[in-house]
Structures are given as structure tokens and as C-alpha cells.
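The values are calculated or read from the model by the stated rules, or taken from the named source; none is laboratory data. Source: prediction; values computed, not measured. Using ideal geometry, Cβ is built from the backbone for each residue, glycine included, and neighbour counts are taken over all protein chains shown. For the accessible areas, the whole protein counts, side chains as well, though only heavy atoms, and no ligand, DNA or RNA atoms are used. Shrake-Rupley method; radii C 1.70, N 1.55, O 1.52, S 1.80 Å.
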Amino acid sequence: MLRVFIGLVMLLCAFNAHAQTKTNQAEKPGWLGQAKAWVSEKFNHEDASDWLKRIGPALRKQNYQGTLVMVAEGRIDTMAVFHAYSGNRERERIVALSGPAREVIRDNKVVVSTNSKDGSVGYDADTTDRWNPTQQFALADNLDGYEAKLGKVERIANFETQVVEIKARDKWRYGYRLWLEKSSGFPMRIDLLDENGGTLEKMAFTDLQLGKVPKESDLAFPKNTDFHRVQTLASNSQVDPGWRVKSPPEGFELRAARSSGNSVHLLYSDGLAFVSVYIERAPQPQKGQSAMQRGAVNVFAQWNSGRRVTVIGKVPAMTVAQFAQVLTPAK
């Protein structure tokens with residue numbers, strides 16, 4: 001691949017020199033510029049992919065701690081983040097510093113979430129990170145719905161960062177802009193972008209200590225805390241939910257399903273965006289539909305024939321509506 005691009009660059013230089021010696025001949029405006037742009041785009045594409053592949057190891061295999069700020073729905077949330085990695089053991093703790101008291105603690109696949117209202121909940125995380133969008137950024141350039149390109153070099157929280165744009169190829173999904181620390185690829189800031197390129201949400205480290213090993217007290221599970229375990233979603237190959245989305249937007253596939261009594265939960269993803277479909281019983285005479293948006297999250301609900309379908313996702317409104325309208329019972 002490298003030889004091919006070097007050859008193309010040399011060929012372009014030869015064409016340029018030849019054009020300068022033949023000023024008296026008719027030119028073909030724009031051809032050379034288009035060829036140069038094509039080569040530049042190919043290099044840019046490969047470089048963006050390389051940067052995205054660094055995110056997973058940067059997040060997982062480093063020690064660090066810092067303050068993370070998230071801006072969404074006109075609200076600012078601040079969190080303390082502690083992360084440790086040693087001998088294939090990954091531990092982290094995220095503590096809310098604003099709003100209601102809440103935190104999430106993880107030790108490899110065991111996760112406990114606590115808050116002042118609902119107490120503590122424990123569950124097993126998916127250790128393969130199949131449904132973790134942060135880890136899936138590494139694959140974004142290979143997903144049908146997205147394309148990645150390099151942006152500018154900018155400074156975030158006193159770190160030099162490389163901007164990477166992940167643009168949606170259609171209106172079914174949102175795009176992203178990432179600021180990656182230049183020496184490690186650590187994501188210093190991530191913006192979620194709407195269909196027109198405007199910022200819907202942003203989260204960024206206002207301070208970060210890369211290489212800092214957190215104290216044991218900053219990673220420990222809460223003591224003397226009772227928590228109840230919740231069922232995790234099973235992969236789609238393990239459960240037949242009895243329902244199908246016949247023609248989801250391009251790129252979205254069923255990733256997980258769960259049945260509980262008369263309720264069904266389907267999880268679809270295109271690799272970065274996630275859409276949850278809930279099917280449950282409803283009073284027979286009811287019929288109608290409703291839509292709601294809260295920040296980047298869109299919700300579409302419709303009820304008919306004794307069933308209520310609710311679709312929720314951090315995707316455009318047309319996407320959740322499409323999921324609800326093409327849902328059918330499996331035959």
C-alpha cells in the first residue's frame with residue numbers, strides 16, 4: 001500500500017513538471033488538483049483510522065485520574081474519574097461531584113452503581129466491550145454509516161491533541177468530534193454532533209493526570225452496602241425475543257435481547273449508536289403515538305392492538321420512529 005501511494009506522489013510530481021514545460025498547450029483545469037486531493041484524502045483516511053485504534057488501549061491500559069465535565073441539555077455535570085490497570089485487572093470509579101450523590105465502581109467485569117434515590121445495583125459488565133461505544137471508536141472508520149478524517153491540532157487541558165472527525169454518512173445517526181492526546185491517543189474531549197454538525201453534547205477533561213495511580217480508597221467498593229443484581233442483556237444468539245425489526249436503518253443490527261414476563265427489550269446498534277426497543281402489554285382499546293426529545297435522546301412510542309412499543313436512542317427522531325413503525329412479531 002505504501003509503495004502504491006509513493007508511486008502516485010511521484011507520478012503527480014512528474015505531471016506537474018511536464019505541465020510547466022508545456023504552457024503553450026491547452027490545459028485541463030482541475031484535473032491535477034483533483035488527483036492531489038484524492039491522494040491526500042487516502043493518507044488522511046489511513047491516519048484517522050490509526051488514531052482511532054489508539055483510543056481503546058489508551059483508556060484501558062493506563063493509570064489516570066482527573067475531572068470530567070459533561071455538558072448536555074443545558075446542564076453541566078462534573079465527575080471525578082479514577083482508573084487503574086495492572087496485570088490484566090482493570091478498575092475504575094466515577095463519582096458525581098454535582099447534582100444527586102451517585103457513583104459507578106468497576107472491578108473487571110463486576111460493576112456496582114449507587115445513587116441516593118435508588119440505592120445500589122450490581123451487574124456483570126460485558127468484558128468484550130461489544131456494546132461500549134467508547135471502545136468501538138476504533139472500528140468507526142470501517143462502519144458503513146461513518147467516515148473518519150483528521151482535523152486540526154488543538155490544546156485541551158494543557159495537552160496537545162489531534163482532532164478526529166467521525167462524520168455520519170446519512171441522517172439516521174449522529175456524528176462525533178474527538179480530541180485525542182497526541183502521545184497516547186487518550187480522548188480528552190468528545191462532542192456528539194447532530195445531522196447539521198452542531199454540538200448536541202460534549203464531555204471533556206478539565207484536568208487529567210496520565211500515569212497517576214489512584215489510591216486504593218478511590219477505587220474501593222462501598223462498604224456495608226446492600227445491592228441487588230440486575231439481569232444483563234443476552235446476545236441475540238441466546239434469546240429469541242419473538243419480535244423483529246424488519247428493515248432497520250442501514251447498518252443497525254440486533255445485538256442483544258431480553259424477555260421478562262410480557263415485556264421484551266431489543267438492543268440494536270450500528271457500532272456506535274444504540275437504540276433500545278421495548279415491547280409491553282397495553283390496554284386493548286388504546287391507540288395512538290407520541291414523540292419526545294430530550295437533548296440528544298429521542299423517544300418514540302406507539303400503542304395499538306394491546307401492545308405498547310417504545311423506542312429510545314441517542315439518534316435522530318426519524319431513526320426511532322422508523323424502528324417503531326417496522327417492528328413485527330416473529331413468525
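In what sequence, largest accessible area first, do Leu210, Leu97 appear using a 1.4 Å probe? Please report the intermediate quantities before stating the final value.
Details: Leu210 55, Leu97 105 Å².
So, going from the largest accessible area down, we get Leu97, Leu210.
Using the structure shown, select from Lys171/Lys202; Lys182/Lys223; Lys215/Lys314; Lys53/Lys212; Lys202/Lys223; Lys287/Lys314 the pairs with a Cα to Cα distance greater than 30 angstrom.
Numbers: Lys171/Lys202 20 Å; Lys182/Lys223 39 Å; Lys215/Lys314 35 Å; Lys53/Lys212 23 Å; Lys202/Lys223 33 Å; Lys287/Lys314 26 Å.
The pairs that break the limit, which is 30 Å between Cα atoms, are Lys182/Lys223; Lys215/Lys314; Lys202/Lys223.
Ignoring ligands and nucleic acids, what accessible area does Trp243 show with a 1.4 Å probe (Å², nearest 10)?
Here the residue's solvent-accessible area equals roughly 40 Å².
5 Å is the cut-off here: which amide hydrogens, built 1.01 Å from N in the peptide plane, fall below it relative to Val315, excluding neighbours closer than 5 in sequence?
Residues meeting the criterion, in which the H sits 1.01 Å from N, are Asn298.
Any chance you could look up the accessible area of Arg91 with a 1.4 Å probe, heavy atoms only, rounded to 10 Å²?
Ignoring ligands and nucleic acids, Arg91 comes out at about 40 Å².
What FRET efficiency comes out for Met318 versus Asn63 if R0 is 30 angstrom and r is the Cβ-Cβ distance? Round to the nearest 0.05. Can you show the working numbers first?
Values: r = 43 Å, r/R0 = 1.42.
With R0 = 30 Å, the Cβ-Cβ based efficiency is 0.10.
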